[in-house]
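The values are calculated or read from the model by the stated rules, or taken from the named source; none is laboratory data. Keep in mind that this is a model prediction, so the values were computed, not measured. In this analysis, Cβ positions are derived from the backbone assuming ideal geometry, glycine residues included, and neighbour counts consider all displayed protein chains.
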Amino acid sequence: MGKQKPELPQGTLDMLVLKALSLGQMHGYGVGQRIAQLAEDMLKVEEGTLYPALYRIEQRGWIKSEWGVSENNRRARYYKLTRAGRKQLGVEEAKWSHLSMAVGKVLRTA
Amino acid sequence: MGWLRKLRMRWRALRHGEEVHGEIAEEWQFHIDLRTEENIRRGMTPEAARRSAEQHFGNAGYMKDVSWDVRGGGIFETLWQDVRFGARQLRRSPGFTFVALLSLGLGIGGNAVIFSLISTILLRPLPISHPEQVFAIHQGKEKDASYSQSMSYPNYKDIRDRNAVLSGMAVYRFDPMSLSHNGSNERVWGYLVSGNYFEVLGVQAFLGRTFTADEDRTPNSHPVAVLSYGCWQRRFAGEPGILGTPMQINGHSFTAIGVAPPGFTGTESVFTPEFWVPSMMQEWIEAGSGLEGRGNGQWLPFGRLKPGINLEQARVQLNTVARQLGQEYPNTDEGMSLRLTPPGLVDPNLRSAVIAFSGALMLTVLLVLLIACTNLASLLLARATQRRKEIAVRMAIGATRARLAWQLLTESVMLSMIGAALGLAIGQALILVARASLPRTDFALTLDLRMDWRVVSFVVALAVVTGIGFGLVPALQASRSDVVFALKEDKSGGPRRAWLRRGLVVMQVALSFVLLITAGLTVRSLEHTDALGPGFDPNNAVTISVDLGLQGYDEKKGESFYQQLAEHVRALPGVKSAGWIARLPLALDVSTTDVYPEGQAEPRAEEMPSAIYESAGPDYFPAMSIPMVGGRDFAASDTAKSPGVVIVNETLAQRFWPGQNPVGKRLHSGNANVLEVVGVAKNGKYQSLGEIPALVVYYPLTQVYATSAALVIRTSVDPEAEISSVRGEVQKLDPQLPIYDAKTLKEHMRLALFPLHVGAVVAGSFALLAMVLAAIGVYGVMAYSVGQRTHEIGIRMALGARAGDVGKMVLKQGVIITAIGMVFGLLCAIGLSGVVASMLYGVRATDPLTFLFITLLLSAVALAACSIPAWRATKVDPVIAIRSL
């Protein structure tokens with residue numbers, strides 16, 4: 001499935017997670033769905049890898065988590081962006097657009 | 001802030017692991033359920049939907065490991081898990097564990113002992129308050145490199161009062177004293193100290209008090225003493241009532257005013273006093289006063305730096321004072337220069353010798369530890385190979401390589417830590433043995449070897465380093481396993497790993513060969529006691545010492561005592577000859593004097609020849625079996641009234657009158673008149689066995705009197721019996737006179753031989769240990785190789801190989817490994833012979849007999865180690881071996 005879909009470069013998953021959560025609090029499954037939606041299914045994200053990323057980000061204090069109740073009335077863990085997380089997202093976005101611009105420029109001129 | 005949250009999280013994971021695991025599982029289940037529902041909505045069958053959801057999720061096992069690392073207990077939990085798992089693994093293979101722990105324990109134990117020796121002599125500070133502020137003061141001449149801790153009393157007082165950098169400066173001096181207690185006289189060692197001695201050190205009395213300044217102001221006015229704790233316990237049974245009561249020292253009455261605290265044994269690391277008395281009491285303690293005379297440098301000074309003053313500032317300021325004194329008293333103090341060193345050993349020269357000696361010991365034990373660790377590494381490597389399947393399975397279900405390596409490393413560090421604990425226990429046992437085997441000396445020599453915190457931390461550091469160092473390679477090797485390859489029932493670790501193990505064994509054999517050679521040579525040189533060249537015959541001779549000065553003998557009374565006792569002893573049965581000497585050769589110290597031949601201008605101070613001087617009575621040379629090369633022995637006719645005569649040694653004769661007959665020549669010596677040489681004695685060793693040939697002059701005891709002396713008796717009867725009859729003769733002449741240091745000359749030699757003895761015992765035991773470890777190594781590698789080759793051996797036997805052939809094949813492999821190791825060892829031993837030669841007497845460092853013997857010994861041991869696996873190989877049943885293929 002989706003052999004042509006590019007794998008995520010190292011370290012960008014965290015940024016995507018932060019981006020997805022910037023739209024509001026969400027459980028892990030929802031975060032995955034949101035990333036897929038935003039990327040219009042062009043990216044390949046192994047769903048399981050989301051969780052280590054979520055735990056890692058939580059450790060850094062960029063997101064918070066708590067147990068809540070899902071749409072279908074089940075206990076689910078919800079993740080929420082913290083203030084530090086929002087700031088971090090800004091930093092990452094700026095860094096990324098800078099990088100992609102630079103790489104794009106090199107590729108166009110070469 | 002961040003780390004606090006992390007710590008809380010990890011703590012929770014560690015304490016409530018199940019809960020955290022449950023949460024993670026629940027969260028993931030939720031995810032998979034939602035995905036499954038979604039898939040069903042898209043039209044999949046429920047089964048396909050779930051399968052697809054799980055596939056999408058990825059490798060759950062791997063994810064769990066990573067998640068656990070982040071969310072869960074992380075290293076704490078992992079460590080705890082690994083420790084428990086490791087302990088199970090070690091219990092499961094007791095043979096491996098036993099050999100590994102024994103190797104490590106012995107290796108580390110040796111290191112603990114040697115390090116505790118170094119710690120005791122060189123590292124452990126004196127038990128005083130703020131020892132880092134206290135420094136011994138060494139005096140020397142600006143242009144001369146030789147400094148020693150010595151100072152005259154007048155200079156001490158001036159420097160103490162004029163300097164601005166020391167908060168206090170004190171002097172001490174150790175002296176033999178005669179203590180009368182419970183009707184018996186004993187010669188013991190005590191300190192004469194300045195009144196501020198305890199105050200400068202910051203040592204409080206355990207009982208009673210220490211000296212006051214008033215008690216050390218005027219000569220012979222305050223006969224008081226502070227007892228050492230040990231003396232109080234041993235001699236006075238720890239009786240508090242001793243304070244204030246008189247005790248007899250040198251026939252004078254002294255009052256005990258206090259007891260020093262238990263740990264405090266004076267300002268030297270190995271010489272411990274029985275008691276301290278004020279320096280002003282010197283006249284009562286020894287003949288002649290050292291309190292006067294600016295050139296009389298017989299006191300040992302030390303000082304405490306003022307707060308905020310560093311060592312360099314202190315040195316500069318003290319030398320300013322020294323220069324002032326040099327200008328004021330040019331005769332004695334010109335060019336005086338001072339240095340500060342940590343207190344402890346008397347002599348800086350002795351200190352460097354001790355450092356060199358203990359350095360060599362340390363190197364030896366580290367080498368043994370290296371061999372022990374090689375065994376450990378080799379065993380770990382073999383075990384990692386055996387555990388390939390287990391490791392492969394764990395990797396297949398998602399363990400990361402780092403995680404596996406970490407776990408294997410935990411196991412090896414665990415092993416080395418247990419090894420360290422064992423090592424400390426073995427070390428403690430060895431220390432008890434070492435304490436018991438210190439040589440008998442007249443000195444209060446104490447070597448208080450202890451497992452202090454320095455030793456323990458050294459051992460723990462050593463264990464961690466060896467655990468990591470020798471566990472790392474096997475751990476990395478094992479975790480590199482190719483999963484598929486390993487699961488396919490392949491047991492051999494591949495050729496690389498086999499070579500690594502064989503290489504380790506080759507190294508072991510080489511190292512133990514070198515150690516065995518060194519030990520063999522040391523033992524051989526002990527066999528050649530005569531080749532050590534002491535210059536006298538230590539067999540069939542005894543000696544006793546008396547100190548007439550302590551009993552208040554004057555010169556006239558003393559001389560008649562010496563003469564009478566010698567005559568009486570010569571009349572005893574079995575005595576061949578008996579003669580007095582002021583100081584036995586190869587005791588710890590010698591005295592020197594200026595000498596130059598008659599007819600030469602007096603050489604300048606720098607070029608003045610210096611000779612060891614002795615006072616000897618008639619019959620001393622025959623009693624020691626020192627041959628006379630020319631001239632005559634001293635005789636009764638050499639008296640205080642007859643012309644001054646000397647006997648010189650060969651070295652002096654050759655230096656002063658090369659190619660001429662020295663007998664009848666005359667020389668200037670010290671302040672005495674010109675003396676005539678009447679005899680030449682054969683060369684010997686005087687201070688230490690390793691000394692360079694020294695110039696020696698012997699004066700007749702009747703012309704240069706000594707207040708204490710040793711009587712040497714050559715006898716044909718049992719030495720102990722002879723000593724007790726000599727004691728009887730002394731008693732008859734003076735029942736009050738204490739005899740000290742009664743022993744055979746052989747025992748006396750033990751002191752001089754002590755370094756060599758220690759060297760031989762240490763080198764010998766460590767070399768044997770190294771050999772055993774190497775044998776274990778050889779056995780291990782061969783047993784393992786036979787295990788690996790069971791199939792092959794089975795096939796060979798099925799094809800018609802006989803048991804003998806198979807055995808030979810295995811033996812050959814072992815012999816090759818051993819032979820390579822021995823060749824390396826041989827080359828190293830020859831390469832090191834230059835270093836080793838300096839420690840040997842009478843044997844060459846390339847002694848062929850030793851080399852041959854060690855080669856045979858090691859070959860035999862290695863062969864024996866191989867023969868068990870070889871024998872086992874012959875017992876392989878081809879049917880079983882092939883069926884299990």
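Under 43 Å from the mean Cα position of the chain (by Cα) and closer than 23 Å to B:Leu379 by Cα - does that describe any residue in region B:791-810? Yes. Close contacts from region B:450-466, counting a first residue that is hydrophobic (A, V, I, L, M, F, W, C) and at pLDDT below 85 and a second that is buried (at least 16 other Cβ atoms within 10 Å of the Cβ) and in a helix (DSSP H, G or I), with Cβ to Cβ under 7 Å and a gap of 6+ residues or different chains, come to B:Met451/B:Ala112; B:Met451/B:Ser116; B:Met451/B:Leu424; B:Met451/B:Gly427; B:Met451/B:Gln428.
Results for (1) crowded, with 16+ Cβ neighbours inside 10 Å; (2) of a type in the set (A, V, I, L, M); (3) within 13 Å of chain B (Cβ to nearest Cβ); (4) assigned to a loop (DSSP other than H, G, I, E, B), shown as yes or no for each residue.
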{"site": "A:Met42", "(1), (2), (3), (4)": "no, yes, no, yes"}
{"site": "A:Trp67", "(1), (2), (3), (4)": "no, no, yes, no"}
{"site": "A:Ser97", "(1), (2), (3), (4)": "no, no, no, no"}
{"site": "A:Ser100", "(1), (2), (3), (4)": "no, no, no, no"}
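Results for (1) surrounded by 14 or more Cβ atoms within 10 Å (Cβ to Cβ); (2) more than 30 Å from B:Gly533 (Cα to Cα), shown as yes or no for each residue.
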residue	(1), (2)
B:Ile795	yes, yes
B:Gly807	yes, yes
B:Lys812	no, yes
B:Ile854	yes, no
B:Pro878	yes, yes
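Of all residues in region B:583-622, those that are of a type in the set (A, V, I, L, M), over 24 Å from B:Leu548 (Cβ atoms), out of contact with any helix residue (DSSP H, G or I) (no Cβ under 7 Å at 6 or more places or on another chain) and buried (at least 16 other Cβ atoms within 10 Å of the Cβ) total 1. Taken over region A:69-95, residues that are surrounded by fewer than 14 Cβ atoms within 10 Å (Cβ to Cβ), facing another protein chain (nearest Cβ under 10 Å) and in a strand (DSSP E or B) amount to 1. Given the condition over 14 Å from B:Val193 (Cα atoms), in a loop (DSSP other than H, G, I, E, B) and either touching a Lys or Arg at 6+ places or on another chain (Cβ under 8 Å) or of a type in the set (Val, Ile, Thr) (or both), answer yes or no: does some residue in region B:291-306 qualify? For region B:291-306, residues over 14 Å from B:Val193 (Cα atoms), in a loop (DSSP other than H, G, I, E, B) and either touching a Lys or Arg at 6+ places or on another chain (Cβ under 8 Å) or of a type in the set (Val, Ile, Thr) (or both): absent.
Across region A:44-59, the number of residues qualifying as free of Cβ contacts under 8 Å to residues at least 24 places away in the same chain, within 7 Å of chain B (Cβ to nearest Cβ) and not in a loop (DSSP other than H, G, I, E, B) comes to 6.
Residue check: B:Phe634 meets all listed conditions (1) aromatic (Phe, Trp, Tyr); (2) surrounded by fewer than 21 Cβ atoms within 10 Å (Cβ to Cβ); (3) in a loop (DSSP other than H, G, I, E, B) but one, namely (2). Here B:Asp161 meets each of (1) surrounded by fewer than 18 Cβ atoms within 10 Å (Cβ to Cβ); (2) over 27 Å from the mean Cα position of the chain (by Cα); (3) touching a residue at least 12 places away in the same chain (Cβ under 8 Å) with one exception, condition (3). Given the condition assigned to a strand (DSSP E or B) and within 19 Å of B:Asp175 (Cβ to Cβ), answer yes or no: does some residue in region B:267-274 qualify? Yes, region B:267-274 contains a residue that is assigned to a strand (DSSP E or B) and within 19 Å of B:Asp175 (Cβ to Cβ). When you scan region B:716-739, do you find a residue that is modelled with pLDDT under 90, outside any strand (DSSP E or B) and under 30 Å from B:Glu602 (Cβ atoms), even just one? Within region B:716-739, not a single residue is modelled with pLDDT under 90, outside any strand (DSSP E or B) and under 30 Å from B:Glu602 (Cβ atoms). Criterion applied to B:Val193, B:Val200 was being in contact (Cβ under 8 Å) with a residue 60 or more places away in the chain, under 22 Å from B:Asp547 (Cβ atoms) and surrounded by 19 or more Cβ atoms within 10 Å (Cβ to Cβ), and the one residue passing it is B:Val193. Scanning region B:393-436 for residues that are touching an Asp or Glu at 6+ places or on another chain (Cβ under 8 Å) and assigned to a helix (DSSP H, G or I) yields B:Arg403, B:Trp406, B:Gln407, B:Thr410, B:Glu411. Do we find a residue being at pLDDT 90 or above, buried (at least 18 other Cβ atoms within 10 Å of the Cβ) and over 19 Å from B:Pro735 (Cα atoms) anywhere in region B:568-577? Yes, some residue in region B:568-577 is at pLDDT 90 or above, buried (at least 18 other Cβ atoms within 10 Å of the Cβ) and over 19 Å from B:Pro735 (Cα atoms).
Residues that are aliphatic (A, V, I, L, M) and at pLDDT below 85 within region B:533-566 comprise just one, B:Leu550. For beta carbons closer than 7 Å, sequence separation of 6+ or different chains, a first residue in region B:699-726 that is acidic (Asp, Glu) and a second that is not in a strand (DSSP E or B), the qualifying pairs are B:Glu722/B:Gly574. Just the residues that are surrounded by fewer than 22 Cβ atoms within 10 Å (Cβ to Cβ) and facing chain B (nearest Cβ under 9 Å), please, taken from region A:31-40. The answer is A:Gln33, and nothing else. Within region B:748-758, not a single residue is in contact with a strand residue (DSSP E or B) (Cβ under 6 Å, 6 or more places away or on another chain), crowded, with 21+ Cβ neighbours inside 10 Å and more than 26 Å from B:Ala510 (Cα to Cα).
Name every residue in region B:223-251 that is part of a strand (DSSP E or B) and either modelled with pLDDT of 90 or more or under 18 Å from B:Val193 (Cα atoms) (or both), in order of residue number.
Passing the criteria: B:Val224, B:Ala225, B:Val226, B:Leu227, B:Ile249.
Please go through region B:691-736 and pick out each residue that is of a type in the set (S, T, N, Q) and exposed (fewer than 13 other Cβ atoms within 10 Å of the Cβ).
Selection gives B:Ser716, B:Ser724, B:Gln731, B:Gln736.
Under 31 Å from the mean Cα position of the chain (by Cα) and either closer than 19 Å to B:Gly263 by Cα or crowded, with 18+ Cβ neighbours inside 10 Å (or both), is that true of B:Gly238? Against the criterion (under 31 Å from the mean Cα position of the chain (by Cα) and either closer than 19 Å to B:Gly263 by Cα or crowded, with 18+ Cβ neighbours inside 10 Å (or both)), B:Gly238 does not qualify.
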